[in-house]
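Heads up, the thing below is written out as structure tokens.
Derivation of every value follows stated rules applied to the coordinates shown; laboratory data play no part. No experiment lies behind these values; they were computed from the predicted model shown. Glycine also receives a Cβ, built like all others from the backbone with ideal geometry; neighbour counts cover every protein chain displayed.
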């Protein structure tokens, strides 16, 4: 099959022909129908420090995708050939003390598809049957490919009280945008979004932010206080990983507020824990992955009931052969979520604004 | 002043001239601007068993209202003359062991405005300053008068997980209708509403129910299972107080689901606790009043951010002198929430569909 | 092998020789070392209405036990031959929507060992490897056999706030006694225990109740209020399944208190939900099984750290051939937990007071 | 009256005669019976950077105390002359948006007794009636004086799951010691305590730690993993405020564990949030004060039911005139909690080991 492979421990990647994968007994073989590009893929492509320590080339990367089941391993349960499935990419061991407590999302021996095992920038991919989530009938493929990162947003937003709460979303990359949409769908308001990229701020407004702040030009803290009549925000959803955004976010938080951190700071940084966390009585949560599979169930219901619409955040649908362009656009911040069409797939006129926009 | 007074321990009420009330040191005097009619008012008017045991005529009743502060007691804090305020009608003692734990909504010595002390079917009313909630700028008076019962709905819906959950609302009186709107605003879906009154079911659909069930003609249990692909509902919001609705609701609940009971059964009834509660691992919550004042804050944010719109449930605005007609319509179930205009007040063209509808 | 078999749809049971069981690929074969008698076993033995609808003879019953792993199925993971294991007897399907949400304890397709498949009143038994919990080093076998019902108590007590709370335990059978010990170990106080059997009340006091109430002679409600300076109890742990105990327990509960129901009423009964649940703002939880496997982890830590001692509740250790006597004593209420020694096992002088007491 | 006064913006304090305080209408006048010394008092005495920014001499300091009500303001409710009361020292405004949400412990306009208004190193002190907590009958005065800091420990320990959890307490000053006792009383185990002071570690063991670690000589991380069979601790109760203790504590935490921070770092410090918080899925809580008054109720029940015994942590009872010696001992770390006897008070032979120990 054809695949986009990280062949060498250096920047870049190349399209190659590799052997078709074979599902293990508890796995399924999927034909990839759409695969989205994650910030992590950009890191692997650019070969940053984290990639150098974690990735072992050659490997097929890509882990946000929707596929069709084309073959079942001998013990694969819960799915059928022909099913369209999204995939939870954290393959938990199921046996460690954390898995046994129901904390599979932080399994001690987790393997991530497209990071620790071959991923979905390819015609086919294998995953454990248990990791498949059936795509609700009628859902556009582009949206189905984005369920995995949307799940990060759902997990973050629903990690505490949100309805009737003011919320700040710092960082308006794809998951930040998703978080705005999810928070709005779940009754948060006002929603204050910040970034330093006008294109992303425009998307933020489009997907539901009540107030957008260009943190390069305005004081986020002031704007957040203003939007909350001076009270400060109830909830901070941190999606940027920038130390200053975290510090400003904490500053803008009301006492006893909630901070959920998903954006990954690139290294250790200084924080005034006494003033910003302890005296505030704040709760700061690290968010990793998606709860298996409560998060998927919640996301499923939000989407199928029509409460949640994330289409404004899916800005591009490109053939996988344009991967270099996709990486470039993500790097520049001139795209929301980019979905790739594998070989042989063409954008269907399936009613997503996303596809429409791109092909107009 | 003029007031609608429960003068005698018998059905009915009459408009009388009574002395103007005087605020105690920690109280304020309010000029009533709008007052809505509650099911409890109907009970008092009709002089049911509960009223006979609780109400001591003569008393001015009515407890869902918005007023303008016209005088401050000597120690009244937190409000100013001229403020427009909605009122938390549970006057908690502040000193009992429950109040001290932050459970003022179930205070052991609670006094309810319009039940245990004079209420708001009048030109003026006094309440503790502490019980006032400033009405957000620009909110239509009809809506402000409904904040107290809306708070019951907010308290019920947000008493547990709701976003990304399927929810059933059994009973589509005004608080049932509000609950549908609140659940929808907070990310519940699908929302299945049931009643036996076609007029109310129509309102239920209008305010946001995904599925409506006429329980006199269809099986609620079947419809609820159907709407959830056989899983059963995650959350039951019980607003009818009918034993059969409670039993059916529990039957339709998925294992480990949540039941929040606000509707008041009129007496003890039989329940198969073993099968419907224990084996199911269900959580059943009794809901009383509103959390002071978290519920008010959540409600405030839901409304001012535009997430929540309850106007379809406010179907009538009538002069208070038409009280008999209002009582009659509520009794027949041919109204949602009815708001009354006190003497000297005329419906303002303030943009509520409600007023518009009524005066069209 | 020898086994105690429910051979016919009628009262009684008989010791028979049956074929040795063979583990399926994901199962293990256990040599039973100790097996305790549950109230459910008594129901099966006596052939009550529930048994008649659920049990399909012939079946080996018994489901509270500790065994030694003597053979592994081909895919059995997480245990080794020679391991001593206690067993979670709810065999969850792992695939239904409840299991996927982490709610395996209320799996829609649960099979219970000793109820829906052969159990442990036998020399050998097979169970899924996944259901095994390694017995902490040094734990007496009699205690290890009681982990499954102790888990019910741990699940019940820890289903809400307990530390620094007053708690009532209504019903002092073995799980009631365990609950007293667990509640005490977890910081509850005062603990008020009620029953109508003086022998059990004596055990209740011994295992840690601060106040014991003979509900046949004294008013439980009065005693509970007295013990809490008139406030009412914060938490009700209901272990009797008696409608009157449930009603009285709710009556004795403070507003906004917690009720956790484990005892199974034998049929529907009348309850004043309005007064006892809704006006109180109470939370009533149905408790089923044990959380998999959080409850086991909590129980493990409570026992190995020495915080929890349940030995006073294990009153008898008898050879399995005395099963009729064991059933009789449980029926009469003249025993706490009874542990049986399978064929070939003799009570070890392992330091349990339990064994000591019995063999003195 | 006589009082220990911070007279000048410089190190030290002096005993002076000052006017007797007069209670405001909602306040009470208390005769101080015992007053304990807090780390904050040491900061004020030593005149550190924080004190310089917060304290406005002249002021009477001291805020951990028990007093007898000797006079009631005209509107003081809930207490009587002659009552013995402990005092919640956070005087919340009751009107800000945080107080209205029930978050009085992080009131935006809080005034702290002995910090922002005159305190209890004196013969008399005034406090709002609402801040008084009646001392349970029979409680030794030395213990009653320590309820305020004990409340910090109770708040910290009970800010999340604790029963059946392993817990680390980093920092064994008085509140660290109290936390060990509280965690143990509430079912935590094993409890791993760390400090660098052998005297304190000895007290830690005495009050209930299962494992003590001298972090100056041993690896806390290794010891914590060892004590938990390699799993890491479930809960970290951070009482030292040392950046390295926080980092090591997070390192020793299992994924998805809880961290409750009470110890105050003296300034900003570097933290690897990505690895230690986000990837771990940890929850980090800042803890401030005591929940009003849930924490007091829980503490009351823990003590009166005998579940909790903190006497080993109260190591010294000294006359207030020995204040300089008390400050010196706290600074050296050669004391647990020190309780002072105001003028005219002599240590009663009331059965506390504390008094006994000191006067032996």
**Prompt:** If packing is taken as the mean number of other Cβ atoms within 10 Å per residue, what is the order of D:34-44, C:303-313, D:262-272, highest first?
**Reply:** D:34-44, C:303-313, D:262-272
**Request:** Just tell me how shielded D:288-300 is by partners: mean number of partner chain Cβ atoms within 10 Å of each residue's Cβ, no decimals.
**Result:** 4
**Request:** Using only atoms on other chains, find how many Cβ atoms lie within 10 Å of each Cβ of peptide A:241-249 and report the average.
**Result:** 1
**Message:** Output the 0 to 90 degree angle, nearest 10, between the alpha-carbon long axis of helix A:198-207 and the longest principal axis computed from the alpha carbons of chain A.
**Reply:** 90
**Request:** Put a label point 7 Å from Cα along the Cβ direction on residue C:74, then list its distances to the equivalent points in the other copies in nm, shortest first.
**Result:** 0.6, 9.1, 9.1
**Request:** For region C:164-299, build the convex hull from the C-alpha positions and give me its volume per residue in Å³.
**Result:** 107
**Asked** Which three lengths, in whole Å and largest first, does region B:104-253 cover when its Cα atoms are put on their principal axes?
**Response** 51, 36, 29
**Complete:** Placing each pseudo-label 7 Å from Cα in the direction of the beta carbon, residue D:48 and residue B:93 end up separated by a distance in nanometres of 4.3
**Request:** Find how many whole Å separate the alpha carbon centroid of region A:135-207 from the alpha carbon centroid of region B:92-115.
**Result:** 39
**Asked** If the viscosity is 1.002 mPa s and the temperature 20 °C, what translational diffusion coefficient in µm²/s does Stokes-Einstein give for region D:19-58 when Rh comes from Kirkwood over Cα pairs?
**Response** 170
**Message:** Taking R0 as 30 Å, what FRET efficiency do you get between residue A:325 and residue A:80 from their Cβ-Cβ distance, rounded to the nearest 0.05?
**Reply:** 0.25
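Tell me, A:225, D:101 in order of fewest to most beta-carbon neighbours within 10 Å? Provide the component values of the computation, followed by the final result.
Values: A:225 18, D:101 23.
With the fewest neighbours first, A:225, D:101 line up as A:225, D:101.
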**Unit Cα scatterers, Debye sum, region C:119-177: log10 I(q)/I(0) for q = 0.24, 0.29, 0.31 Å⁻¹** = -1.16, -1.29, -1.33
**Message:** As a footprinting exposure proxy, order B:216, D:51 by other Cβ within 10 Å, with the fewest listed first.
**Reply:** B:216, D:51
**Request:** List the extent of the Cα atoms of the protein assembly as shown along each of their three principal axes, largest first, rounded to whole Å.
**Result:** 85, 84, 70
**Prompt:** Going by how many other Cβ atoms sit within 10 Å of their own, how do A:139, A:239, B:104 line up, fewest first?
**Reply:** A:139, B:104, A:239
**Prompt:** Where does helix A:243-252 land angle-wise versus the long Cα axis of chain A, in degrees 0 to 90, nearest 10?
**Reply:** 50
**Request:** Nearest 5 is fine: what % of DSSP beta bridges in chain D come out antiparallel, could you say?
**Result:** 55
**Item:** Cα-based convex hull, chain D, per residue volume (Å³, whole number)
**Value:** 133
**Request:** Distances from residue A:267 to the same position in the other copies: list them in nm, one decimal, shortest first, using label points 7 Å from Cα along Cα→Cβ.
**Result:** 2.1, 7.5, 7.7
**Message:** Averaged over its residues, how many other protein chain Cβ atoms are within 10 Å of peptide B:255-262's Cβ atoms?
**Reply:** 4
**Prompt:** Convex hull over the alpha-carbon atoms of region D:216-360: what's its volume per residue in Å³?
**Reply:** 184
**Fill in**
Percent antiparallel among DSSP beta bridges confined to the protein assembly as shown, rounded to 5, stands at 55
**Message:** Need the C-alpha centroid separation for region C:245-280 versus region D:14-36, integer Å.
**Reply:** 48
**Fill in**
Given B:152-161, B:79-88, the highest-first ranking by average Cβ count within 10 Å works out to B:152-161, B:79-88
**Prompt:** So what's the back-of-envelope 222 nm ellipticity for chain A, counting only DSSP H runs of four-plus at -39500 (n - 2.57) apiece and dividing by all residues, rounded to 500?
**Reply:** -7500 deg cm²/dmol
**Candidates A:65, A:124, A:279, ranked by Gaussian network fluctuation over chain A, Cα under 10 Å, top entry** = A:279
**Prompt:** By what distance, in whole Å, do the Cα atoms of region B:1-105 stretch along each of the three principal axes, largest value first?
**Reply:** 39, 36, 21
**Message:** Rounded to two decimal places and with Rh computed the Kirkwood way over Cα pairs, what is Rg over Rh for region C:77-188?
**Reply:** 1.00
**Request:** When you have a sec, figure out the Kirkwood radius of region B:61-130 from all distinct Cα pair distances and drop it here in Å to one decimal?
**Result:** 12.9
**Request:** Between the label point of residue C:49 and that of the same position in each other copy, find the distances and list them shortest first in nm, with every label point placed 7 Å from Cα along the Cα-to-C-beta direction.
**Result:** 2.7, 7.0, 7.4
**Asked** Tell me, what is the percent relative contact order of chain B, built from C-alpha pairs under 8 Å that lie six or more residues apart?
**Response** 17
